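Everything below concerns the one structure shown next.
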Amino acid sequence: MMILDVLVPPILTHHPLISTTADRLLGIGVLVMFVWVLFALLDALSEIAHRRGVTKRLPIKSFVQLIKLFTFIVAIVLSISILANESPVIFLSGLGVATGLVMLVFRDTILGFVAGIQLSANRMVNLNDWIEMESYGANGSVEEISLTTVKVRNFDNTVTMLPAYALVQGAFINWRCMSESGGRRIIRSVYIDVTSIRFMTEEEIEELKKVRILREFLFERDREIKDFNESFDDVPHAANLRHMTNIGIFRAYLSTYLRSHKDIHSYMLSMVRQLQPTPEGLPLQIYAFTNDTDWVFYEGVQADIFDHVYAIMPYFGLRPFQAFGGNDAKNIGITK
């Protein structure tokens, strides 16, 4: 193309109009070839960056698309200037008049570009991040970050295309920090029937001392309570003396159980606490972190813990709350 641009005009010297037209068309052809080579180079660099994992940290595709857009606009201006045989500066200055139209046409592109810079500079979203944005129905892994959109593959294998600026202007949840921390939170309550909460007898306490993880707690608390009660000179009424309750011992058991659990993160917060009582009973909440953030692993550990909680509860004389159901009514009818 460049050879033709050099050789054709001299050959057509005797035909000025054809020579001029051919010269300008060949100039545009050279420009198109240059743009094509630049686009191919950008695509190659983008592919190399993707294979080396650079795109996980930076939205390379957004920058590539921006350079392509800028190059395309410049190429259009240069092509028009070549055809009109005028300086490109004249056409570039004329764009100032059409700024409003340009802003209207490329509104999403401009907003997307600015949002892309903010997303990358603040590391708000990276490829393969798990994000959740209820307003757009997005809940899944980020597959692609382009100049104007963010592609999210939801867990049901549907795809949600989010405007890039929506992630900056709106609120969304990014679970990347949870994955990087190495721990995933368990926060769930079991509701205790308050009518099953009571003081423990000496015999019951002695029986529970056989439980290895409770032994130290019970011995220390039993000694503490006996020392207090022996020093008390008033009427030995149950309300005046200290006692151990089944809910208190159960809470201590669960706390120790969590600390000794092999799948619970030992360096993150772990506790068992009572919440505000409700009509459904007394919530006893387990708050802990698994030492693996994998979803399947996390759900398995959580299920195993609560399987154990419900199964061990009767040994402490406690009952979980359960609403009266049709089967209960049926059993009552049979009993009568």
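Where a number appears in this text, it was derived from the coordinates with a stated rule and is not lab data. Keep in mind that this is a model prediction, so the values were computed, not measured. Glycine gets a Cβ as well: all are built from the backbone with ideal geometry, and neighbour counts include every protein chain shown.
Considering only residues in the stretch 161-176 that are under 24 Å from residue 107 (Cα atoms) and buried (at least 17 other Cβ atoms within 10 Å of the Cβ), the one that is nearest to the chain's Cα centre (by Cα) turns out to be 172. For the stretch 269-310, a residue qualifies if it is free of Cβ contacts under 8 Å to residues at least 24 places away in the same chain, of a type outside the set (S, T, N, Q), outside any helix (DSSP H, G or I) and under 26 Å from residue 194 (Cβ atoms), and the qualifying residues are 271, 272, 273, 279.
If residue 289 satisfies all but one of (1) in contact with a strand residue (DSSP E or B) (Cβ under 6 Å, 6 or more places away or on another chain); (2) closer than 23 Å to residue 203 by Cα, what's the number of the condition it fails? Of (1) in contact with a strand residue (DSSP E or B) (Cβ under 6 Å, 6 or more places away or on another chain); (2) closer than 23 Å to residue 203 by Cα, only one is false for residue 289: (2).
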